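The values are calculated or read from the model by the stated rules, or taken from the named source; none is laboratory data. In this text the structure is predicted, and so the values were computed from the model without any measurement. When we count neighbours, we look across all protein chains shown, and the Cβ atoms used for this are built from the backbone with ideal geometry, even at glycine. Calculation scope for accessible area: heavy atoms of the full protein, side chains included, ligands and nucleic acids excluded. Shrake-Rupley method; radii C 1.70, N 1.55, O 1.52, S 1.80 Å.
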Amino acid sequence: MISPAELEDAYKEFSGNFGKWVPDGVIPVDLSLLHDLGLIDHVQFEQGANDTFAQFFHVLETQEKVTLFNQQFAVWIVPKVVDEQPTTLTFIALLINNAKPHLEIVFSTTGVYNTPKYILKVLQHFISEVLDTEAVISSIGKKKL
């Protein structure tokens, strides 16, 4: 499993070089995104909130950020103030075969969406998307023609 020092080095690289690691930019969480992700339905959102989701991760907490990690992912949840607005940036990196983390997605939450419930629900959705994409990519090489 990846060490806390390696996680910190990866975070510093990602956050210090946004242009390289986040060429498409940070994804802002808003009503439109929640609708596009299928997370807008209040009943589905409330019932779908999985409190055990965080139990699948080791947690490192500092004054600057919360780091979640397991065998497949490293996640950094970083609260900050941007333009006098409390904002949370969430970085999601994939860990493959003990290699260095590969940054997949960065999203930001502000205003009414800057709550643990929204952050974790969107995080859970994006992790599921990354896993689905990785499964498709790995199956392409395995298919017999």
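Peptide packing for 18-31, 111-124, 65-78, 1-14 was compared via the average number of neighbouring C-beta atoms within 10 Å per residue; ordered from the highest value, the list is 65-78, 111-124, 1-14, 18-31. Overall, the chain carries a charge dipole of about 500 debye about its Cα centre when +1 sits on the Cβ of Lys and Arg and -1 on the Cβ of Asp and Glu, all other atoms neutral. Dividing the summed -39500 (n - 2.57) terms of all DSSP H runs of n ≥ 4 by the residue count of the chain sets its mean residue ellipticity at 222 nm at -12000 deg cm²/dmol. Find which of VAL29, LEU120, ILE140 sits farthest along the positive direction of the dipole of the chain, computed with +1 on the beta-carbon of Lys and Arg, -1 on that of Asp and Glu, about the Cα centre. Going by the Cα projections, it comes out as ILE140. Using a probe of 1.4 angstrom and keeping all protein chains present, the accessible surface of the chain works out to 62 square angstrom per residue.
Bridges between two residues of the chain, per DSSP, are antiparallel at a rate of about 95%.
Ordered by solvent-accessible area of protein heavy atoms (1.4 Å probe), largest first, the residues GLU84, GLU61, GLU134 come out as GLU84, GLU61, GLU134. For the range 53-145, the average shadow cast by the Cα convex hull is 7.4 nm², which is a quarter of the hull's surface.
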